Amino acid sequence: RMPPVSQCYNLLDFEDIARQTMKKTAWAYYSSGADDEITLRENHAAFHRIWFRPKVLVDVSRIDLSTTMLGCPCSVPFYVTATALGKLGNPEGEVVLTRAGYRENVIQMIPTLASCSFDEIVDAKQGDQIQWLQLYVNQDREITRKIVQHAEKRGCRALWITVDAPQLGRREKDMRSKYDEQAANVQDNESTVDRSQGAARAISSFIDPSLSWKDIPWFQSITKMPIVLKGVQRAEDAIKAVEYGVDAILLSNHGGRQLDFARPGIEVLAEVMAALRQHGYEHKIEVYIDGGIRRGTDILKAICMGAKGVGIGRPFLYAMSTYGETGVVRAMQLLKDELTMNMRLIGATKISDLDESFVDVGSISTH
Ligand code: FNR
């Protein structure tokens, strides 16, 4: 039996309920990471190695969480990241995230491999709601050009090119459960399993493993949307991104689903910010991180260390799969509550107050 949504007090509660109530296939696809899932585990654990240095006696009666990301105004410095196959968890798919995003003024990144069509997700947008596009680059560049230009025409405000997945990672939990489910599927008569297998196959077949830095100017020539590289993992590539005129980078390991033993985004952030500062590049590019962000404190730590914003994946999928739109709205509100309280407790009233002086990164190396 499902507890009422009001009994979810943090994002991890949604994960617990999802584990107990979601269909096995969907749970396996959403929750799995690559190989031994060490990166998956460390993504969140890495935040536990960073401590705060609060200021006291600051007037914190008013807290403002609003900010901009890629020039887009938003109520909070987090966004709903792109995750494939929304209909595995909720029959309505990604539009549930769109509606919740509208209610809470949170930006949504639309995945190339959404269960809903791209136009359905854009049509679900309300008012001046903001959406971005996540792109898997096709070997057929004409297809890619059409996707990008259509997204721009439909009002998408940024292009996030996934650069950490020239080949799909091995997620064994997912592979096993699909195998089981395939057997069960005969009686089950549902198309979800085939869809996901189809997508997995599609990912490895259409994504272009030859994608390289040489392609960046072409993307800049076909769109005016700001371009973000999704999945940068070392300082040298961050520097290169600036030199190629890219607008932003996302330090990410794809939620631990690609290379196991890739470092947590928050650790890469320390290295990247140090390198950007060394080159005088810190104002030339926006830096984002994702992976394992589950608490308001995780978000604050990232912002203090130089991130402009953070992406959140699984928690919203779990909330969507268990309580639908209400769940996602609740998850977003919980994060806002945590952020507001944590800002008060560290002595900051607005996002632009946050800087490195508020954190003690301790053992985290900055190379
Ligand atoms: C993803 N992610 C992802 N990224 C991407 O560029 N294209 C995609 O299609 C997907 N699909 C996808 C599916 C699922 C089920 C998950 C969990 C993740 C990665 C995603 O954008 C993001 O990097 C991570 O999800 C962030 O980590 P957390 O918040 O899930 O820990």
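Taking only alpha carbon atoms, the stretch 194-347 gives an Rg to Rh ratio of 1.01, where Rh is the Kirkwood radius. Work out the FRET efficiency for D35 and Q167 from their Cβ-Cβ distance, taking R0 = 22 Å, and round it to the nearest 0.05. It comes to 0.95.
Among the listed pairs K23/K301; K230/K284; K240/K284; K284/K336; K173/K301, a Cα-Cα separation exceeding 22 Å is found for K23/K301; K284/K336; K173/K301. Model label sites at S212 and Q139, defined 7 Å from Cα along the beta-carbon direction, differ in position by 1.7 nm. Among the lysines, select those whose C-alpha is under 21 Å from the C-alpha of K153, and discard any that sit fewer than 8 residues away in the same chain. Leaving aside lysines fewer than 8 places away in the same chain, those within reach of K153 are K125, K224. If Lys and Arg each add +1 and Asp and Glu each add -1, what is the summed charge of the other residues whose beta carbon sits under 12 Å from the beta carbon of G291? Here the charged neighbours net out to +1. Could you state the number of Å between the C-alpha centres of the stretch 57-96 and the stretch 290-348? Measuring centre to centre over Cα atoms gives 8 Å.
Summarising the strand pairing of the chain, around 20 percent of its internal DSSP beta bridges are antiparallel. Max-minus-min Cα coordinates of the chain on each principal axis give 64, 52, 43 Å, with the largest extent listed first. Calculated mean residue ellipticity at 222 nm for the chain: -13500 deg cm²/dmol, from DSSP H runs with n ≥ 4 weighted as -39500 (n - 2.57), summed, divided by the residue count and rounded to 500. For K214, give me every one of the aspartates and glutamates with a C-alpha distance below 14 angstrom, ignoring sequence neighbours fewer than eight places off in its own chain. Straight-distance partners of K214: D237, E243. Cβ-Cβ distance of I222 and E282, R₀ of 41 Å, FRET efficiency by 1/(1 + (r/R0)^6): the value works out to about 0.90.
Each value in this text was obtained by applying a stated rule to the coordinates, not by laboratory testing. As the structure is a computational prediction, the values presented were derived from the model and not from experiment. Positions of Cβ are generated from backbone atoms using ideal geometry, with glycine treated the same way; all protein chains shown enter the neighbour counts.
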